[in-house]
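A.B. asks: Got a structure for you, questions after.
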C-alpha cells in the first residue's frame, strides 16, 4: 500500500540540502515505520502562484554620501502545499524569484527559498515538527561597503518534540542545525548547532509559564584582529523564564526573560554575561483593527553579517486596519540600538573607535484583493541609521508595488 509520507521525502530531496543528514535519517525512518493508508490522506492545500514586483530604492548601497538609487524588477513564482495524512501534516513550500536592476545589472540574481516540514503527532501525548529550510539570497549592504554581488546560502535542519507529561504540564525540546555560506565574503561563513529544553505549566485560564534552557555551539572562520589571526568560535548558554497569556480573544502576550552567557575560545574580552529577553503583545481592538507591540534586548549576529555578536535593544509598534473585506492598511514604527559589544571591547584595548548604531524605521503599506486569486499591494518604507562611526550613517527610502496571482 502506498505511503504518502514517502512523497514528502522525495520532494525534499529535490532541495539542495547536504549538511544535516541526521534530520533526513529521522524523516526516512519515521516514514518507514509509520504505515499509513492513502485512504486517510487529504490534500488540504495545493496553491501554486506567480508574483511580480517593482521596487524603487533611493540608497541602494546604504552610504552616507554619494547615494545611488535604482529600480529593481522582480518576477517569481512558487507553491504551497499541506498534505494531511491521518493525524500528520506534511508541508512543502518552494519559491523562486529573479531580480533585475536598471542601473547596477551586475547585481541581477535569483533568490531561492524552500521548506519541507512534517508536523507529526503520535497518540495524544506526543507531537512536534521535523523539517528543513533552505534560502539563497543576495546579501544586504547594511554591514558592508563592498559593492559586489554576494549570494548568501542558509541551510537549516531541525527537530522539535513535545510531551504532555500531565494534563497541566508539558515538556518541549528540540535541536537545530544551521550552516551559512557566502559566495564572496567567506570570512563570514559559519555553522552552529543548538539544543533547548522547556518545561511548561498551563492553568485553567489558558496561561502557560515555564523555564527554558538553551545551549548553542558557534563555529566561525578565523579572522585577523589587530594583525593577529583569531579564533571566533564561541558557546552561548541561556536560561529563561517564559510566559504565554491569552487574556481573552482580543489580548495575547508572549514573554521571555532570562540570562545569557557567551564564551569565546580566544580574546575572552569579547565574552558576554547579562540579561536578555523579548516581550510581544497583540491587542485586537475591534474586528477590523489590531495592534502588535514588541520590546527586546537580545544578542544577535545581524543575520550572520558580523563575526561575533551585537547587543540589540529595541521597540516596535505595528498597527493594522481592515478597511473593508477587500482592502487593508498596515504600518510599523520601530527603534533599534545596536551595540557592537564584542568588537567594542577589543577596540577599547587597541584604542579603536567604538561603534554604536541607532536605527529608525517607519513603513506603511496597503493591500487590495479585487478577486479571490489576486492580491495587490503598495508600500513605502523609510530607514535612518545614526552611527558613532563617521561614514556609516545613511537614510533610505523605498517604494514597492507588488501583484500576486494564485491558481
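A.B. asks: Can you confirm whether segment 254-265 contains a residue that is more than 30 Å from residue 189 (Cβ to Cβ) and buried (at least 16 other Cβ atoms within 10 Å of the Cβ)?
C.D. replies: yes
A.B. asks: Taking residue 137, is it buried (at least 16 other Cβ atoms within 10 Å of the Cβ) and under 24 Å from residue 212 (Cα atoms)?
C.D. replies: Here the answer is no, as residue 137 does not meet what is asked.
A.B. asks: Which residue out of 273, 313, 268, 341 is touching a strand residue (DSSP E or B) at 6+ places or on another chain (Cβ under 8 Å), at pLDDT below 95 and within 30 Å of residue 213 (Cα to Cα)?
C.D. replies: Matching residue, one of 273, 313, 268, 341: 341.
A.B. asks: OK, next. Can you spot a residue in segment 315-328 that is touching a residue at least 24 places away in the same chain (Cβ under 8 Å), at negative phi and in a helix (DSSP H, G or I)?
C.D. replies: no
A.B. asks: Being more than 23 Å from the chain's Cα centre (by Cα) and within 18 Å of residue 272 (Cα to Cα) is the filter; apply it to segment 189-231 and report the residue that is surrounded by the most Cβ atoms within 10 Å (Cβ to Cβ).
C.D. replies: Here the answer is 230.
A.B. asks: A follow-up question, please. Kindly provide the set of residues from segment 87-106 that are farther than 14 Å from residue 75 by Cα, in contact (Cβ under 8 Å) with a residue 24 or more places away in the chain and surrounded by 14 or more Cβ atoms within 10 Å (Cβ to Cβ), ordered by number.
C.D. replies: Across segment 87-106, the qualifying residues are 87, 88, 89, 90, 91, 92, 94, 104.
A.B. asks: Could I ask something else about it? Return only the number of the condition from (1) closer than 21 Å to residue 402 by Cα; (2) surrounded by fewer than 19 Cβ atoms within 10 Å (Cβ to Cβ); (3) within 21 Å of the chain's Cα centre (by Cα) that residue 114 does not satisfy.
C.D. replies: (2)
A.B. asks: Among the residues of segment 292-328, write down those that are surrounded by 14 or more Cβ atoms within 10 Å (Cβ to Cβ) and more than 19 Å from the chain's Cα centre (by Cα).
C.D. replies: Across segment 292-328, the qualifying residues are 319, 320, 321, 322, 327, 328.
A.B. asks: Out of all the residues in segment 242-270, which are part of a loop (DSSP other than H, G, I, E, B) and either free of Cβ contacts under 8 Å to residues at least 40 places away in the same chain or over 30 Å from residue 219 (Cβ atoms) (or both)? Please lay out each step first, then the result.
C.D. replies: Within segment 242-270, the subset part of a loop (DSSP other than H, G, I, E, B) is 249-250, 265-267.
Passing the criteria: 249, 250, 265, 266.
A.B. asks: Counting only residues that are part of a strand (DSSP E or B), in contact (Cβ under 8 Å) with a residue 40 or more places away in the chain and within 17 Å of residue 222 (Cβ to Cβ), how many does segment 180-202 have?
C.D. replies: Looking only at that region, the number is 4.
A.B. asks: Residues that are buried (at least 17 other Cβ atoms within 10 Å of the Cβ), touching a residue at least 60 places away in the same chain (Cβ under 8 Å) and within 18 Å of residue 99 (Cα to Cα): does segment 61-83 have at least one?
C.D. replies: Scanning segment 61-83, I find at least one residue that is buried (at least 17 other Cβ atoms within 10 Å of the Cβ), touching a residue at least 60 places away in the same chain (Cβ under 8 Å) and within 18 Å of residue 99 (Cα to Cα), so the answer is yes.
The values are calculated or read from the model by the stated rules, or taken from the named source; none is laboratory data. Just so you know, these numbers come straight off a predicted model, no measurement behind them. Please note: Cβ atoms are built from the backbone with ideal geometry, for glycine as well, and neighbour counts cover all protein chains shown.
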